[in-house]
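> Sharing a structure, written as structure tokens. Questions coming.
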Amino acid sequence: MSSAAINFSEKLAMFTELWSPRVVAEMNDYQFKLVKVKGDFVWHDHQETDEVFVVLKGTMHIAFRDRDVQLSAGEMYVVPKGVEHKPYADEECHMLLVEPRSVVNTGEAGGELQAKNDLWIQQGSRVLVR
Ligand code: NI
């Protein structure tokens with residue numbers, strides 16, 4: 001067990017890639033991932049799980065087929081499993097995602113924005129692939 005707190009600002013300073021979630025902690029089978037976003041993601045859904053978005057900095061939107069949810073720093077949203085959604089942000093936005101291990105960020109959609117899973121950020125180092 002680590003004696004150090006997990007510091008979001010410190011972790012966020014260790015990568016610049018957009019739409020590329022980095023794991024900072026796990027709780028049982030769930031992962032906490034930091035991600036930087038800007039622009040449009042792809043329409044997708046997750047058949048097996050809900051997905052939690054917690055905005056740490058900036059503003060982003062989650063488009064659904066019938067509505068649009070705006071989230072700013074200090075706000076969160078739970079996307080229910082199986083519901084199509086498309087995150088987007090006009091300016092760079094930083095978020096914490098909470099979801100089970102091995103969830104694919106693009107769901108069934110795939111494509112060039114599909115990110116590698118299990119990219120960890122370790123204290124005092126660059127990104128490690130576990
Ligand atoms: Ni999603």
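The values are calculated or read from the model by the stated rules, or taken from the named source; none is laboratory data. All values derive from a computational prediction rather than experimental measurement. Every residue, glycine as well, gets a Cβ built from its backbone with ideal geometry; the counts of neighbours run over all protein chains shown. Accessible surface is based on the protein model in full, side chains and every heavy atom, while ligands, DNA and RNA are left aside. Shrake-Rupley method; radii C 1.70, N 1.55, O 1.52, S 1.80 Å.
> Hey, if you put +1 on the Cβ of every Lys and Arg and -1 on every Asp and Glu Cβ in the stretch 21-102, which of G58, S72, H85 ends up farthest toward the positive end of that dipole?
G58
> In addition: Between the stretch 67-89 and the stretch 38-61, what is the separation of their alpha carbon centroids in Å?
5
> I would also like to ask the following. So for the stretch 1-56, Kirkwood radius off the Cα pairs, Stokes-Einstein at 37 °C and 0.692 mPa s: how many µm² s⁻¹?
Once the numbers are plugged in, D ends up at 247 µm²/s.
> Select from D40, D66, D50 the residue whose mean-square fluctuation is largest in a Gaussian network model of the chain (Cα-Cα springs shorter than 10 Å).
Its mean-square fluctuation being the largest, the pick is D66.
> In addition: Hey, what did the chain get for relative contact order, percent, Cα under 8 Å, at least 6 apart?
On the way: 297 pairs, mean separation 38.8, N = 130.
Result for the chain is 30 percent.
> Further, regarding this structure: Which number comes out as Rg/Rh for the chain once both Rg and the Kirkwood Rh are worked out on C-alpha atoms?
We get a ratio of 0.94 for the chain.
> Given the rule -39500 (n - 2.57) for each run of at least 4 DSSP H residues, summed and divided by the residues of the chain, what is its mean residue ellipticity at 222 nm, to the nearest 500 deg cm²/dmol?
Numbers: 1 runs with 5 residues, N = 130.
Dividing the helical sum by the residues of the chain leaves -500 deg cm²/dmol.
> Given a 1.4 Å probe and every protein chain left where it sits, what share in percent of the accessible area of the chain is carbon and sulfur?
Carbon-and-sulfur percentage of accessible area, whole number: 50.
> To the nearest 10 square angstrom, what accessible area does R22 show with a 1.4 Å probe?
R22 exposes around 10 Å² with every protein chain in place.
> Among the lysines, which fall within straight-line cross-link reach of K81, defined as a Cα-Cα distance under 24 Å, with same-chain neighbours fewer than 8 residues apart omitted?
Straight-line reach from K81, under 24 Å: K33, K36, K38, K116.
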